[in-house]
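A.B. asks: Shown below is the structure under consideration.
The values are calculated or read from the model by the stated rules, or taken from the named source; none is laboratory data. Predicted model only: the values in this text are computed from it and were never measured. Using ideal geometry, Cβ is built from the backbone for each residue, glycine included, and neighbour counts are taken over all protein chains shown. Each accessible area value is taken on the protein alone, full model and side chains, heavy atoms only, with ligands, DNA and RNA left out. Shrake-Rupley method; radii C 1.70, N 1.55, O 1.52, S 1.80 Å.
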Amino acid sequence: VAPGMMARLFLALLMLMVRALQLGSAANQCGNSSSYCPSGMACCAAKYSPSTYGCEVPIGNLSRVSAGCGDGLPEGDKLCCKMGPAEPPSSTLANVLIIGDSVSIGYATGVSANLARRLSDVAKVQHGPWDVSDGGAGDTASGVACLDRWLVTQAQQEVKWDLITFNFGLHDLTNTSHCEGLYKQQMANITHRLAALGTKVLFITTTPFMPLRTRGNTVVEDMNAIARQLVADYNIPVVDLYSTVTDICGPVYTSCAICRKDPCSYHYNGEGMSKQAAVVEAAIRQHLKPLYVGLVAV
(Lines give C-alpha, C1' and ligand atoms only; values in the text may rest on other atoms or scores of the structure.)
Protein backbone atom coordinates (compact mmCIF):
# COMPACT_ATOMS: atom_id res chain seq x y z
CA VAL A 1 0.00 0.00 0.00
CA ALA A 2 1.37 3.40 -0.98
CA PRO A 3 2.49 5.67 1.91
CA GLY A 4 -0.07 8.32 0.92
CA MET A 5 -2.90 5.78 1.02
CA MET A 6 -1.72 4.55 4.45
CA ALA A 7 -1.75 8.12 5.75
CA ARG A 8 -5.30 8.69 4.48
CA LEU A 9 -6.49 5.41 6.00
CA PHE A 10 -4.89 6.32 9.32
CA LEU A 11 -6.52 9.77 9.26
CA ALA A 12 -9.93 8.28 8.47
CA LEU A 13 -9.58 5.81 11.33
CA LEU A 14 -8.49 8.59 13.69
CA MET A 15 -11.53 10.69 12.75
CA LEU A 16 -13.84 7.75 13.42
CA MET A 17 -12.22 7.26 16.82
CA VAL A 18 -12.61 10.94 17.68
CA ARG A 19 -16.26 10.88 16.61
CA ALA A 20 -16.87 7.83 18.77
CA LEU A 21 -15.34 9.61 21.74
CA GLN A 22 -17.47 12.71 21.10
CA LEU A 23 -20.67 10.70 21.03
CA GLY A 24 -19.25 8.45 23.66
CA SER A 25 -19.50 4.74 23.56
CA ALA A 26 -21.85 5.73 26.28
CA ALA A 27 -24.37 7.52 24.02
CA ASN A 28 -27.53 5.79 22.86
CA GLN A 29 -28.98 6.56 19.44
CA CYS A 30 -32.68 7.37 19.48
CA GLY A 31 -34.22 5.15 16.82
CA ASN A 32 -32.71 5.90 13.43
CA SER A 33 -32.62 9.63 14.15
CA SER A 34 -29.70 12.04 14.49
CA SER A 35 -30.39 12.37 18.23
CA TYR A 36 -28.67 10.54 21.08
CA CYS A 37 -29.06 10.29 24.84
CA PRO A 38 -26.33 9.61 27.42
CA SER A 39 -25.81 6.09 28.68
CA GLY A 40 -28.38 5.23 31.32
CA MET A 41 -30.78 7.89 30.06
CA ALA A 42 -33.65 6.66 27.91
CA CYS A 43 -34.78 8.25 24.66
CA CYS A 44 -38.37 9.52 24.83
CA ALA A 45 -40.95 10.89 22.42
CA ALA A 46 -40.75 14.69 22.11
CA LYS A 47 -43.53 15.86 19.81
CA TYR A 48 -42.04 19.22 18.90
CA SER A 49 -38.41 18.16 18.59
CA PRO A 50 -37.46 18.02 14.89
CA SER A 51 -36.02 14.54 15.44
CA THR A 52 -39.17 13.62 17.46
CA TYR A 53 -36.95 12.51 20.36
CA GLY A 54 -35.83 13.85 23.71
CA CYS A 55 -33.98 12.42 26.70
CA GLU A 56 -35.73 11.29 29.88
CA VAL A 57 -34.16 12.89 32.96
CA PRO A 58 -34.82 12.21 36.64
CA ILE A 59 -36.41 15.22 38.37
CA GLY A 60 -37.18 13.96 41.87
CA ASN A 61 -40.05 15.97 43.37
CA LEU A 62 -39.68 18.95 41.01
CA SER A 63 -43.09 18.29 39.44
CA ARG A 64 -44.82 18.41 42.81
CA VAL A 65 -42.85 21.43 44.00
CA SER A 66 -43.72 23.37 40.83
CA ALA A 67 -47.39 22.38 40.68
CA GLY A 68 -49.72 25.33 40.10
CA CYS A 69 -46.98 27.63 38.82
CA GLY A 70 -46.20 28.42 35.20
CA ASP A 71 -46.75 25.72 32.61
CA GLY A 72 -46.22 23.02 35.19
CA LEU A 73 -44.56 19.64 34.66
CA PRO A 74 -46.19 16.26 34.07
CA GLU A 75 -46.67 14.21 37.20
CA GLY A 76 -43.89 11.80 38.04
CA ASP A 77 -40.20 11.75 38.85
CA LYS A 78 -38.95 11.88 35.23
CA LEU A 79 -39.29 14.42 32.43
CA CYS A 80 -38.73 14.15 28.67
CA CYS A 81 -36.35 17.00 27.85
CA LYS A 82 -36.03 18.28 24.29
CA MET A 83 -32.67 17.88 22.61
CA GLY A 84 -29.89 20.43 22.60
CA PRO A 85 -28.72 22.25 19.46
CA ALA A 86 -28.95 20.38 16.17
CA GLU A 87 -25.43 20.85 14.81
CA PRO A 88 -21.86 20.37 16.01
CA PRO A 89 -19.99 23.51 17.07
CA SER A 90 -17.92 25.60 14.70
CA SER A 91 -14.15 25.28 14.81
CA THR A 92 -13.60 28.66 13.12
CA LEU A 93 -16.34 30.94 14.49
CA ALA A 94 -17.52 31.82 17.97
CA ASN A 95 -20.23 29.47 19.22
CA VAL A 96 -23.34 31.20 20.57
CA LEU A 97 -26.28 29.51 22.31
CA ILE A 98 -29.72 31.15 22.63
CA ILE A 99 -31.79 29.62 25.46
CA GLY A 100 -35.40 30.73 25.55
CA ASP A 101 -39.00 30.33 24.48
CA SER A 102 -40.82 30.76 21.17
CA VAL A 103 -40.08 34.51 21.12
CA SER A 104 -36.36 33.73 21.04
CA ILE A 105 -36.93 31.05 18.40
CA GLY A 106 -38.59 33.77 16.31
CA TYR A 107 -35.73 36.26 16.40
CA ALA A 108 -32.97 33.63 16.41
CA THR A 109 -34.07 31.47 13.50
CA GLY A 110 -37.16 33.11 11.97
CA VAL A 111 -37.10 33.77 8.24
CA SER A 112 -37.34 37.55 8.54
CA ALA A 113 -35.25 38.11 11.68
CA ASN A 114 -32.71 35.26 11.68
CA LEU A 115 -30.09 36.24 14.21
CA ALA A 116 -28.05 33.25 13.05
CA ARG A 117 -27.74 34.74 9.56
CA ARG A 118 -27.04 38.24 10.88
CA LEU A 119 -24.08 36.99 12.93
CA SER A 120 -22.77 34.45 10.43
CA ASP A 121 -19.58 36.46 9.84
CA VAL A 122 -18.46 36.07 13.46
CA ALA A 123 -20.50 33.33 15.11
CA LYS A 124 -22.43 30.12 14.72
CA VAL A 125 -25.72 30.73 16.52
CA GLN A 126 -27.89 27.84 17.71
CA HIS A 127 -31.00 27.63 19.86
CA GLY A 128 -31.41 25.52 22.97
CA PRO A 129 -33.50 23.47 23.01
CA TRP A 130 -33.67 22.35 19.38
CA ASP A 131 -37.25 23.36 18.70
CA VAL A 132 -38.78 25.21 15.77
CA SER A 133 -42.51 25.13 16.47
CA ASP A 134 -43.25 25.02 20.22
CA GLY A 135 -42.48 26.90 23.43
CA GLY A 136 -38.74 26.30 23.38
CA ALA A 137 -37.29 26.20 26.88
CA GLY A 138 -40.69 26.55 28.55
CA ASP A 139 -40.90 27.56 32.20
CA THR A 140 -38.19 27.74 34.86
CA ALA A 141 -39.05 24.28 36.18
CA SER A 142 -38.23 22.86 32.74
CA GLY A 143 -35.04 24.92 32.72
CA VAL A 144 -33.93 23.49 36.06
CA ALA A 145 -34.62 19.95 34.82
CA CYS A 146 -33.34 20.20 31.26
CA LEU A 147 -30.55 22.80 31.18
CA ASP A 148 -27.75 20.25 31.00
CA ARG A 149 -29.40 18.58 28.01
CA TRP A 150 -29.52 21.90 26.12
CA LEU A 151 -25.86 22.73 26.70
CA VAL A 152 -24.74 19.75 24.59
CA THR A 153 -25.72 19.04 21.01
CA GLN A 154 -28.40 16.52 20.07
CA ALA A 155 -25.51 14.10 19.39
CA GLN A 156 -24.33 14.64 23.01
CA GLN A 157 -21.24 16.53 21.86
CA GLU A 158 -19.97 18.92 24.52
CA VAL A 159 -19.51 22.51 23.40
CA LYS A 160 -17.31 25.27 24.80
CA TRP A 161 -19.82 28.06 24.24
CA ASP A 162 -18.28 31.50 23.73
CA LEU A 163 -21.52 33.27 24.65
CA ILE A 164 -24.92 32.21 25.98
CA THR A 165 -28.08 34.30 26.17
CA PHE A 166 -31.01 33.13 28.28
CA ASN A 167 -34.56 34.07 29.20
CA PHE A 168 -37.44 32.55 31.11
CA GLY A 169 -40.74 34.30 31.78
CA LEU A 170 -43.62 33.95 29.35
CA HIS A 171 -44.24 30.38 30.52
CA ASP A 172 -44.19 31.46 34.18
CA LEU A 173 -47.18 33.80 34.22
CA THR A 174 -48.74 32.77 37.54
CA ASN A 175 -49.05 35.99 39.53
CA THR A 176 -48.98 34.81 43.14
CA SER A 177 -46.37 35.47 45.80
CA HIS A 178 -45.66 31.73 46.02
CA CYS A 179 -45.12 31.34 42.25
CA GLU A 180 -43.01 34.49 41.96
CA GLY A 181 -40.94 33.16 44.86
CA LEU A 182 -40.55 29.85 43.03
CA TYR A 183 -39.57 31.73 39.86
CA LYS A 184 -36.85 33.50 41.85
CA GLN A 185 -35.60 30.22 43.32
CA GLN A 186 -35.53 28.38 40.00
CA MET A 187 -34.03 31.32 38.09
CA ALA A 188 -31.30 31.48 40.74
CA ASN A 189 -30.56 27.81 40.08
CA ILE A 190 -30.34 28.33 36.31
CA THR A 191 -28.31 31.55 36.60
CA HIS A 192 -25.80 29.99 38.97
CA ARG A 193 -25.26 27.00 36.69
CA LEU A 194 -24.76 29.18 33.60
CA ALA A 195 -22.39 31.53 35.42
CA ALA A 196 -20.34 28.55 36.61
CA LEU A 197 -19.56 27.60 32.99
CA GLY A 198 -17.04 30.42 32.77
CA THR A 199 -18.43 31.68 29.47
CA LYS A 200 -19.95 35.08 28.67
CA VAL A 201 -23.64 35.09 29.63
CA LEU A 202 -26.32 37.67 28.77
CA PHE A 203 -29.82 37.82 30.25
CA ILE A 204 -32.66 38.80 27.89
CA THR A 205 -35.64 40.45 29.58
CA THR A 206 -39.07 38.93 29.04
CA THR A 207 -41.13 40.78 26.44
CA PRO A 208 -44.51 42.29 27.44
CA PHE A 209 -47.70 40.28 27.73
CA MET A 210 -50.33 42.97 27.48
CA PRO A 211 -53.45 40.78 27.88
CA LEU A 212 -52.41 40.65 31.56
CA ARG A 213 -50.79 44.08 31.90
CA THR A 214 -53.90 45.90 30.66
CA ARG A 215 -55.82 44.26 33.51
CA GLY A 216 -53.34 45.45 36.11
CA ASN A 217 -51.42 42.16 36.33
CA THR A 218 -47.70 43.00 36.46
CA VAL A 219 -46.30 39.46 36.60
CA VAL A 220 -43.97 40.01 33.61
CA GLU A 221 -42.66 43.24 35.07
CA ASP A 222 -42.24 41.56 38.49
CA MET A 223 -40.27 38.68 36.97
CA ASN A 224 -38.01 41.03 35.03
CA ALA A 225 -37.23 42.88 38.27
CA ILE A 226 -36.51 39.58 40.05
CA ALA A 227 -34.26 38.37 37.23
CA ARG A 228 -32.37 41.67 37.05
CA GLN A 229 -31.49 41.38 40.73
CA LEU A 230 -30.34 37.78 40.33
CA VAL A 231 -28.09 38.36 37.33
CA ALA A 232 -26.60 41.51 38.87
CA ASP A 233 -25.02 39.32 41.57
CA TYR A 234 -23.05 37.59 38.80
CA ASN A 235 -22.31 40.77 36.79
CA ILE A 236 -24.33 39.34 33.91
CA PRO A 237 -25.31 42.09 31.43
CA VAL A 238 -28.99 42.60 30.58
CA VAL A 239 -30.37 42.97 27.05
CA ASP A 240 -33.70 44.78 27.46
CA LEU A 241 -36.14 43.43 24.89
CA TYR A 242 -39.05 44.48 27.10
CA SER A 243 -38.11 48.13 26.48
CA THR A 244 -37.40 47.41 22.82
CA VAL A 245 -41.10 46.57 22.48
CA THR A 246 -42.54 49.28 24.74
CA ASP A 247 -40.39 51.96 23.09
CA ILE A 248 -42.31 51.18 19.91
CA CYS A 249 -45.74 50.27 21.26
CA GLY A 250 -45.96 52.39 24.42
CA PRO A 251 -45.89 51.38 28.10
CA VAL A 252 -49.39 49.86 28.02
CA TYR A 253 -51.14 48.96 24.76
CA THR A 254 -53.60 46.57 23.18
CA SER A 255 -52.61 46.94 19.51
CA CYS A 256 -49.24 47.63 17.93
CA ALA A 257 -47.78 47.50 14.42
CA ILE A 258 -45.12 44.91 15.39
CA CYS A 259 -47.53 42.37 16.95
CA ARG A 260 -48.47 39.24 15.06
CA LYS A 261 -52.09 39.46 16.24
CA ASP A 262 -54.52 42.22 17.09
CA PRO A 263 -54.95 42.58 20.02
CA CYS A 264 -51.32 41.82 20.87
CA SER A 265 -50.39 38.58 22.59
CA TYR A 266 -47.07 36.73 22.92
CA HIS A 267 -45.70 36.87 19.40
CA TYR A 268 -44.44 39.38 16.85
CA ASN A 269 -44.57 39.81 13.11
CA GLY A 270 -41.54 39.98 10.84
CA GLU A 271 -40.87 43.63 11.66
CA GLY A 272 -41.10 42.95 15.39
CA MET A 273 -38.80 39.93 15.27
CA SER A 274 -36.30 41.86 13.15
CA LYS A 275 -36.18 44.73 15.63
CA GLN A 276 -35.59 42.29 18.49
CA ALA A 277 -32.93 40.44 16.49
CA ALA A 278 -31.11 43.72 15.80
CA VAL A 279 -30.93 44.54 19.52
CA VAL A 280 -29.70 41.07 20.46
CA GLU A 281 -27.23 41.08 17.56
CA ALA A 282 -25.70 44.37 18.72
CA ALA A 283 -25.29 43.04 22.26
CA ILE A 284 -23.71 39.79 21.09
CA ARG A 285 -21.31 41.60 18.76
CA GLN A 286 -20.30 43.93 21.57
CA HIS A 287 -19.49 41.11 23.95
CA LEU A 288 -17.86 38.90 21.31
CA LYS A 289 -15.72 41.73 19.93
CA PRO A 290 -12.64 41.02 22.08
CA LEU A 291 -12.74 37.42 20.86
CA TYR A 292 -13.18 37.94 17.12
CA VAL A 293 -10.88 41.01 16.99
CA GLY A 294 -8.21 38.77 18.51
CA LEU A 295 -8.91 36.07 15.95
CA VAL A 296 -8.69 38.53 13.06
CA ALA A 297 -5.41 39.91 14.43
CA VAL A 298 -3.92 36.43 14.39
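A.B. asks: Please list, ordered by chain and number, the residues whose modelled amide H lies under 5 Å from the amide H of residue 156; skip anything fewer than 5 residues away on the same chain.
C.D. replies: For residue 156, the qualifying residues are 36.
A.B. asks: According to the square roots a ≥ b ≥ c of the eigenvalues of the Cα gyration tensor, what is the shape class of segment 175-296, taking rounded for a/c under 1.5, prolate for a/b larger than b/c otherwise, and oblate for the remainder?
C.D. replies: Here segment 175-296 falls in the oblate category.
A.B. asks: Another question, if that's okay. Quick check on segment 18-105: take the gyration tensor over C-alpha atoms, sort the square-rooted eigenvalues as a ≥ b ≥ c, and tell me if it's rounded (a/c under 1.5), prolate or oblate.
C.D. replies: oblate
A.B. asks: In whole Hz and in residue order, list the ³J(HN,Hα) couplings for segment 63-75 that follow from phi through the Karplus curve 6.51 cos²θ - 1.76 cosθ + 1.60, θ = phi - 60°; x for Gly and Pro.
C.D. replies: 4, 5, 4, 8, 4, x, 10, x, 5, x, 10, x, 5
A.B. asks: Roughly speaking, to the nearest percent, how much of segment 155-247's 1.4 Å accessible area is carbon and sulfur?
C.D. replies: Carbon plus sulfur share of accessible area: 47 percent.
A.B. asks: Not counting the cut sites, what is the longest span of the chain without trypsin sites (Lys or Arg not before Pro) that DSSP labels loop and that have at most 10 other Cβ atoms within 10 Å?
C.D. replies: 48-159
A.B. asks: With n ≥ 4 as the cut-off for DSSP H runs, can you work out [θ] at 222 nm for the chain, using -39500 (n - 2.57) per run divided by the number of residues, rounded to the nearest 500?
C.D. replies: About -13000 deg cm²/dmol.
A.B. asks: Binned at 5 Å from 0, what are the whole-percent values of the Cα-Cα distance distribution for segment 83-288, short to long?
C.D. replies: Pair shares across the bins are 1, 8, 17, 21, 22, 17, 10, 4, 1, 0.
A.B. asks: Let me ask you something else. Would you mind telling me the antiparallel percentage of the DSSP bridges in the chain, rounded to 5?
C.D. replies: 45
A.B. asks: Please compare each pair in 160/275; 200/289; 124/289; 78/200; 124/160; 184/289 to a cut-off of 23 Å on the Cα-Cα distance and tell me which ones are over it.
C.D. replies: In this structure, 160/275; 78/200; 184/289 lie more than 23 Å apart at Cα.
A.B. asks: More than 16 Å apart: what percent of Cα pairs in segment 69-153 qualify?
C.D. replies: Tail fraction, whole percent: 53.
A.B. asks: Per residue, how much accessible area does segment 83-288 have with a 1.4 Å probe, in Å²?
C.D. replies: 38
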